[in-house]
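Please treat every number below as a calculation from the coordinates, not as lab data. The structure presented is a predicted model; accordingly, all values stated were derived computationally and were not measured. When we count neighbours, we look across all protein chains shown, and the Cβ atoms used for this are built from the backbone with ideal geometry, even at glycine.
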Amino acid sequence: MAQLSPLLKQATPVLVDRGEGVHVFDESGRRYLDFTAGIGVTSTGHCHPRVVRAAQEQVGKLIHGQYTTVMHRPLLTLCERLGEVLPEGLDSLFFVNSGSEAVEAALRLARHATGRPNVVVFQGSFHGRTMGAASLTTSGTRFRSGFAPIMGGVHVAPFPYAYHYGWDERTATEFALRELDYLFATACSPADTAAFFVEPVLGEGGYVPANREFLAGLRERAERHGILLVADEVQTGFGRTGRFWGLDHFGVRPDVVVTAKGLASGFPLSAIAAPRELMNKAWPGSQGGTYGGNAVACAAALATLDVIKDEGLVENAAAMGQRLIEGARSVAREHAVIGDVRGLGLMVGSEFTTPDGKPDTATAQRAQREAAARGLLLLMCGAWMNVVRMIPALVVDAEQVDEAVQIWSDSVKAAVA
Ligand code: PMP
């Protein structure tokens, strides 16, 4: 009998049967509070009735309208609707299926449009698992070790991860920008550099928000050297951080936005957005894919946009994110093993450290397992997998946040006992 590959690593022991809002239910009917949202995907909650209805209606009309063969209305309408929420000037869209594929598309576009070979990424970033995207990923050696040689032309500069360095935010930011200039002077000429790829909040790398000075520093260098600023909003986009895009917090303009995850509430869909004149610099046909911009996924994305607007989910993410981070901070005050709690909106991470300041992966993982046993699903992240992250659907309410914080408090207590 064939079985699932052991290459898959499952974060919780749950065999899920159905989902509703911020809950999932296993086959025995046990209810779990899902603070993973399928790694930040089910933005409108599991099986939101309007998303379900839109997808069902579309399934009965057209499932697959292949966009390099024929065009279909859900894709065209989605372009128009995304135009209303995208940063100004990003008026041209290209669709694929996953975050990794969209990162690959942005990478190809950046090299093609600038004619330059190099890309600068920031240490701790995650951009995906396909070969090009994995070559941009530095959130853990597990994503590259054994796969060599990875793609060339990728240079890594520091990210202002203040807690890791044991510095304040300002010192970490000055260091990161100074090292970037040093990289430009020593190993990677800015004239050869096509793009910066940056996450507004390091996701898999440990839930570390960037800051205004750092991102403004990248923008200024991008302008000065003709480098494209690519915002990987795969995890931070679509209201997740309490603004529509993660970069909205920092007042910095991207040249390219990469989006996926929350875009279609769980259907596989991703996109890159850029100014038309930039897209025009690559030849037609240089991008594409059999399944990209699937009609059902596009219908689900349109319903997702409606729900986000009608239910005020961006505002809810900001308010509930505040409540959640305060709750997580109150738990950290009780337990010295949690050295830092940080995040933006509904991306909240608790970093576990030993008394001498080293990553405490074992206690973090015990706390996550204790939470799962108590009916709260959480994920790990960080280079050492010592950060427990909370990333519930944007529909989460105050009662559910408080329930999660209570379970989290009990779980950490049990993990350190
Ligand atoms: N970029 C970021 C910021 C991500 O968080 C992820 C997924 N965790 C990806 C890219 C890759 O997306 P996917 O798994 O859909 O390929």
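Okay, here's what the table says:
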{"item": "Modelled FRET efficiency - R0 35 Å, Ala148 with Ala373, Cβ distances, 0.05 increments", "result": "0.35"}
{"item": "Footprinting exposure proxy for Thr241, Thr353, Thr236, Thr186 (fewest neighbouring C-beta atoms within 10 Å first)", "result": "Thr186, Thr353, Thr241, Thr236"}
{"item": "Relative exposure of Cys79, Cys381, Cys47, judged by other C-beta atoms within 10 Å (fewest first)", "result": "Cys47, Cys79, Cys381"}
{"item": "Whole-number percent relative contact order across the chain, with pairs defined as alpha carbons under 8 Å at least 6 apart", "result": "22"}
{"item": "CD proxy at 222 nm, helix term only [per DSSP H run n ≥ 4: -39500 (n - 2.57); per residue of the chain; nearest 500]", "result": "-12000 deg cm²/dmol"}
{"item": "Prolate/oblate/rounded label for segment 15-166 (Cα gyration tensor, a/c 1.5)", "result": "oblate"}
{"item": "Per-pair calculated FRET efficiency, R0 = 51 Å: Asp410 and Glu80 via Cβ, rounded to 0.05", "result": "0.60"}
{"item": "Proximal lysines relative to Lys413, as straight alpha-carbon distance under 24 Å, when same-chain residues fewer than 8 apart are discounted", "result": "Lys358"}
{"item": "Longest to shortest principal axis, alpha-carbon extents of the chain, angstrom", "result": "59, 57, 48"}
{"item": "Candidate lysines for bridging to Lys309, where Cα separation is under 19 Å - those fewer than 8 sequence places away on the same chain excluded", "result": "Lys261"}
